[in-house]
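What follows is one structure encoded as structure tokens, with my remarks underneath.
The values are calculated or read from the model by the stated rules, or taken from the named source; none is laboratory data. None of the values given here were measured: they were computed from a predicted structure. Reconstructed Cβ throughout: ideal geometry from the backbone, glycine too, with neighbour counts over all protein chains shown. Surface areas here come from the heavy atoms of the whole protein model, side chains and all, with no ligands, DNA or RNA. Shrake-Rupley method; radii C 1.70, N 1.55, O 1.52, S 1.80 Å.
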Amino acid sequence: MRQSLFELAVAYVKIIERIEHTADPEQLRELEEERVIRHNRFADALKAAGIHYKDREHVTRIAFRIAKEEL
């Protein structure tokens, strides 16, 4: 089953928010690994949808806007 851009964006944003609220170094490492996976999935979905982005930070900004239903 393919996930929608919205679902992928929400999952990616949730991981980023968890990282921001975590102090445990081991948990941060695990969350960062998960963030990379989520980022790559979302970036691949953007490409598949024909949505262009400039760099990694632009992908993150797009994810936040989609997750907040601004796009």
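Some points to look at:
- Flag set for residue 35, criterion: under 13 Å from the mean Cα position of the chain (by Cα) and basic (Lys, Arg).
- Close pairs (9 angstrom Cβ cut-off, 6 or more residues apart or separate chains): in contact (Cβ under 8 Å) with a residue 24 or more places away in the chain in the stretch 33-60, open to solvent by 60 Å² or more (accessible area, probe 1.4 Å) and aromatic (Phe, Trp, Tyr) anywhere: 46/53
- A single member of 63, 45 is in a helix (DSSP H, G or I), out of contact with any Leu (no Cβ under 6 Å at 6 or more places or on another chain) and open to solvent by less than 90 Å² (accessible area, probe 1.4 Å), and it is 63.
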